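Let me begin by presenting the structure, written as structure tokens, before commenting on it.
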Amino acid sequence: MTQILTTLIDADELARRLEIGGLRVIDCRFQLTDPTAGRAAYLRGHIPTAVYADLEADLSAPVSPDSGRHPLPDRHEFEATLGMLGVSSSQQVVVYDDAGGAYAARLWWLLRWMGHGAVAVLNGGLQAWLAGGRSLEAGEVTAQRVRFLQGTPLAHAVEAEDILQSRVARLLDARGAERFAGDVEPIDTRAGHVPGAVNHPFTLSLDGGGRFLGRDALRAGLNTSLGEVASGKAAAMCGSGVTACHLLLAMEVAGLGGAALYPGSWSEWIRDPSRPVVTGAADPRSAVT
């Protein structure tokens, strides 16, 4: 019996399983600075059989005056999206991008949120696939529409109110250190971070080749940021709830499951001027209060 994969898959294993068949492979490449670039790259060449999922059109709801830049989709609408992508409720799914999993992890988390645990991110992404001398195929792949049925969620989310009322014991911010400190802010309208948050850039989970570090190394780094807080009492955020999913994937690989996503993240937090904002590097031992 083929093992169900729930976190990562390497390129060799993906190639083996593609020969067997039965996989649903989804290309999640995207660029925040050019939202059309991901699909264009997909059409030029993608892993054989892969369909394409767009971060903004498929993996997010429309932006509202109160939301962050990438709100969670409506669950029933996303159920239909998954069916259109050819994802059945019993199928092993593999997702990938070319950014170390930064965008693919969003779909990984969303599928878990929908109760589908058989989803893995290609470790090392498209680069790892190509490094083995494997080929790509060009053009659009249209999946046969199926019916996806929601199950019991394997991932959960928190809201700003949970943070303000201290229902989150540790808030991990996956943005880069300069954005967290408020030294730069290239995307959002206000710089800084949520008081008490701990900065743990998602890139800390990757090696120089864009692959995830081993379990022990991930666990050591994450435990430093968690301090004495159990992972099940933590939540992850970033700029808009995308790379925070990458951090949650790293936690699962490290055996530190149960943390929640703050979907609205920084771009939602700053929509309300009454919410506190601080700048500067934070004490890694601090907690949300």
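Just so it is clear, none of the values below were taken in a lab; they were calculated from the coordinates. These numbers come from a predicted model, not from an experiment. Glycine also receives a Cβ, built like all others from the backbone with ideal geometry; neighbour counts cover every protein chain displayed.
Brief remarks on what is shown
- Conditions (1) touching a Phe, Trp or Tyr at 6+ places or on another chain (Cβ under 9 Å); (2) in a loop (DSSP other than H, G, I, E, B); (3) more than 16 Å from LEU85 (Cβ to Cβ): number failed by ARG29: (3)
- Residues of the stretch 129-159 classified as surrounded by fewer than 20 Cβ atoms within 10 Å (Cβ to Cβ), within 19 Å of the chain's Cα centre (by Cα) and small (Gly, Ala, Ser), total: 1
- Considering the conditions (1) in contact with a Gly (Cβ under 9 Å, 6 or more places away or on another chain); (2) under 18 Å from SER267 (Cβ atoms); (3) assigned to a loop (DSSP other than H, G, I, E, B), GLY151 is excluded by exactly one of them, (2).
- Of the listed requirements (1) in contact with an Asp or Glu (Cβ under 8 Å, 6 or more places away or on another chain); (2) in contact (Cβ under 8 Å) with a residue 24 or more places away in the chain; (3) more than 20 Å from GLY227 (Cα to Cα), THR189 misses just one: (1).
- Residues in the stretch 100-127 that are surrounded by fewer than 21 Cβ atoms within 10 Å (Cβ to Cβ) and either assigned to a helix (DSSP H, G or I) or aliphatic (A, V, I, L, M) (or both) were compared, and the one that is farthest from the chain's Cα centre (by Cα) is GLN127.
- Scan of the stretch 72-106 for residues that are closer than 14 Å to GLY125 by Cα and either touching a Pro at 6+ places or on another chain (Cβ under 6 Å) or of a type in the set (A, V, I, L, M) (or both), ordered by number: VAL94, VAL95, ALA99, ALA102, ALA104, ALA105
- Taking the criterion of being under 16 Å from LEU213 (Cα atoms) and surrounded by fewer than 23 Cβ atoms within 10 Å (Cβ to Cβ), the residues of the stretch 253-262 that qualify are VAL253, GLY255, LEU256.
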